[in-house]
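Working notes, structure below.
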Amino acid sequence: MNLDLYNKYKSVPDSAKKTIRAGRLKGMTDINPMWRIKCLTEEFGPCGTGWYAQPVKVWTETGANGEVGAFMEIHLFTRKGEEWSAPIVGIGGAALVAKESSGLYFSDEAFKMAYTDAISVCCKLLGFGADVYWEVN
């Protein structure tokens, strides 16, 4: 019973996976974030009535070479029947200013990407996509 949710969503369909082709994570597997949203909705109901993610903290941090990261802490809540869960905490991040070969690049999508990343972290705690994370490379 304790592993029911974990076991139900630990496997990711091939249609929701892609191989990361570049960067430090080259060769690892990326999971489509909409697959997680679909799983949350299937299990708990529509966003806002069966589950929701509440931003708690938003911040930036300066890195090397003029790079800046955008970060967000969220609390994910799920509902079964009339009872809401305790907060499931996730912190996500993305590059707000990245150093590229042509110079610094500013992303106006960084906080949305950090939010999506934070939801992914929360879902990982529920076991969503566990088989991908369990792989040893």
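The values are calculated or read from the model by the stated rules, or taken from the named source; none is laboratory data. Just so you know, these numbers come straight off a predicted model, no measurement behind them. For neighbour counting, all protein chains shown are included, and Cβ atoms are generated from backbone atoms with ideal geometry for every residue, glycine included. Calculation scope for accessible area: heavy atoms of the full protein, side chains included, ligands and nucleic acids excluded. Shrake-Rupley method; radii C 1.70, N 1.55, O 1.52, S 1.80 Å.
Is one or more of the residues making up segment 25-36 open to solvent by less than 80 Å² (accessible area, probe 1.4 Å), modelled with pLDDT of 95 or more and more than 30 Å from Leu104 (Cα to Cα)? Yes, segment 25-36 contains at least one residue that is open to solvent by less than 80 Å² (accessible area, probe 1.4 Å), modelled with pLDDT of 95 or more and more than 30 Å from Leu104 (Cα to Cα).
Given the structure, is Arg21 of a type in the set (D, E, K, R), part of a loop (DSSP other than H, G, I, E, B) and open to solvent by 60 Å² or more (accessible area, probe 1.4 Å)? Considered against the rule, which asks whether it is of a type in the set (D, E, K, R), part of a loop (DSSP other than H, G, I, E, B) and open to solvent by 60 Å² or more (accessible area, probe 1.4 Å), Arg21 comes out as yes. Residue-level check: of (1) touching a residue at least 60 places away in the same chain (Cβ under 8 Å); (2) part of a helix (DSSP H, G or I); (3) open to solvent by 70 Å² or more (accessible area, probe 1.4 Å); (4) touching a strand residue (DSSP E or B) at 6+ places or on another chain (Cβ under 9 Å), Leu40 misses just (3).
Residues are listed down the side, and each one gets a yes or a no for (1) in a strand (DSSP E or B); (2) more than 22 Å from Ile20 (Cα to Cα); (3) of a type outside the set (Ser, Thr, Tyr):
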| residue | (1), (2), (3) |
| --- | --- |
| Asp30 | yes, no, yes |
| Pro55 | yes, yes, yes |
| Met72 | yes, yes, yes |
| His75 | yes, yes, yes |
| Ala86 | no, yes, yes |
| Val89 | yes, yes, yes |
| Lys99 | yes, no, yes |
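Within segment 79-108, the set of residues being open to solvent by less than 100 Å² (accessible area, probe 1.4 Å), without any contact (Cβ under 8 Å) to a residue 12 or more places away in the chain and of a type outside the set (Ser, Thr, Tyr) comprises Gly81, Trp84, Ala86, Glu100, Gly103.
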